[in-house]
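The values are calculated or read from the model by the stated rules, or taken from the named source; none is laboratory data. In this text the structure is predicted, and so the values were computed from the model without any measurement. No Cβ is skipped: glycine too gets one built from the backbone with ideal geometry, and neighbour counts run over all protein chains shown. Each accessible area value is taken on the protein alone, full model and side chains, heavy atoms only, with ligands, DNA and RNA left out. Shrake-Rupley method; radii C 1.70, N 1.55, O 1.52, S 1.80 Å.
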Amino acid sequence: MSELVLIVDFGSQVTQLIARRVRESGVYCEVVPFNKAAAFLDTAKPQAIILSGGPASVHENQSPSAPPQVFERGVPVLGICYGEQTMCAQLGGKVVPGDHREFGRAMLRVADKSPLFEGVWEPGSEHQVWMSHGDRVEALPPGFRVIGTSPGAPFAAIADDSRKFYGVQFHPEVVHTPGGARLLRNFTHNVAGLSGSWTMAAFREQAIARIRAQVGKGKVICGLSGGVDSSVAAVLIHEAIGDQLTCVFVDHGLLRLGEAEQVVELFRDHYNIPLVHRDASELFLAKLAGVDDPERKRKIIGGTFIDVFDEEAHKIGGAQFLAQGTLYPDVIESVSFTGGPSVTIKSHHNVGGLPERMNMKLVEPLRELFKDEVRALGRELGLPESLVGRHPFPGPGLAIRLPGSAVSKDKLDLLRKADAVYLDEIRKSGLYDEIWQAFAVLLPVRTVGVMGDGRSYDFACALRAVTSTDGMTADSYPFTHEFLSRVATRIINEVNGINRVTYDVTSKPPGTIEWE
């Protein structure tokens, strides 16, 4: 990559959003934990550096700090929240516990002109920003000036224009700071002078070259789940090395209606990619018999998946490489200073580890990309929109959408039919792309109902749909009463075994947004 921005991570839960915003402006960036940043700087030459927020307090002993090289390389530096505080502390300023904490929405008053605010905020104006701090900067380092204030932060935005060092106490990366994305763009494009020329077309060419250089004439096996990540990885690798790739599709019988057939048709018939289709649905059902705990389900599915995959890989023979659809958020989490490395079968959402007995080298062509970038790459590769734009689906599939209930073929059939009706109505209403994830859940209760002239004693079904911009937080989608009534009527009429439908309207804080 000719242009590179380094993001030094101090443990903020929204550090990934900084990277997303930077990449959205066409600039490639990488996230590195603060305790690994020095080693990264020894080998890489970023044109700009961003210091993230974090939960620590600068004035406490053993609090994390940026490597001295960050301020010695002569490149622009932007400190965000904790990043601003450690910048000030390390360069000669002073940070103290605040007597007025700011968490959530706050008003920033622009005190002076700055390249950071150009075209976004004018001096004297006030704007909503998102704060998350208890400490505050009490004294600025030499060379800095104030460019923004808030009620709880007299140094809410600061600048040292000669060295191109900037700091903001708020979080420009979150959607709760209108104009924040443009502020980050000002830093990368105007202050750092980057062109923003990073595109999916360029990434595609570079990725193909890297795959060919890594694999040579070797054979690659790819675990294909039918989801977006593994599908894009498979098509990209096939474009690079052709029939040196063989895909293994382990059908665990827990997919949505018709998905297994779609996977086989797309990859075997349309793309002519060598594909092994192992229908192991009966094996998985036998292993899951009587199990209602969601974590046990995950572990059983993950362990069984690996065993079946390993068995098929040995039948193929001669493969030296295993391809995975690992994404950049997984890489960031695996090297985080708050946790250790993990090697996992990505297509099953970390429910099982990669066994050492497979003795293969990993090919992970998507490990530099976020989910939305994988979708863009899929479009660049010509994959159908029905696959590229598909809602996220957990590796354990419908097994965890039978909460508090053991998995059986009859329940899976009921859930598939209800889910298919729900998604069909969403598509017919033109709402599919507005929703981040939508699915049906078969509840572990039966209810008494009257259908026609007789009583029924059947299952209840719950529907869930959420919107999300980052996959970290979610709000329920505001369907109209007419829509929900139409869906409920269809499910009750078309799915024999369900007599009640309800809609889940809960929202989720940062964390998982799948039904567990």
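Quick notes on this structure:
- Here SER132 meets each of (1) part of a strand (DSSP E or B); (2) open to solvent by less than 30 Å² (accessible area, probe 1.4 Å) with one exception, condition (2).
- Listed by first and then second residue, the pairs with beta-carbon distance under 8 Å, at least 6 apart or on different chains, first residue in the stretch 64-78 and closer than 11 Å to ALA37 by Cβ and β-branched (Val, Ile, Thr), second in a helix (DSSP H, G or I) and open to solvent by less than 10 Å² (accessible area, probe 1.4 Å), are VAL70/ALA37; VAL70/LEU41.
- Flag for LYS428 being farther than 28 Å from ILE306 by Cβ, open to solvent by 40 Å² or more (accessible area, probe 1.4 Å) and over 19 Å from the mean Cα position of the chain (by Cα): yes
- Residue match in the stretch 74-85 (condition: among the β-branched types (Val, Ile, Thr) and part of a helix (DSSP H, G or I)): no
- Counting only helices (runs of 4 or more DSSP H) that sit wholly inside the stretch 255-321, those with at least 3 residues that are loosely packed, with under 13 Cβ neighbours inside 10 Å are 294-316.
- If you go through the stretch 493-502 and pick out every residue that is at pLDDT below 95 and assigned to a helix (DSSP H, G or I), you end up with 1.
- When we screen VAL96, VAL174 for residues that are in a loop (DSSP other than H, G, I, E, B) and either modelled with pLDDT under 90 or open to solvent by less than 10 Å² (accessible area, probe 1.4 Å) (or both), the only hit is VAL174.
- Members of the stretch 212-248 found to be buried (at least 19 other Cβ atoms within 10 Å of the Cβ), hydrophobic (A, V, I, L, M, F, W, C) and farther than 18 Å from GLY318 by Cα, listed by number: LEU224, VAL228, VAL232, ALA233, ALA234, VAL235, LEU236, ALA240
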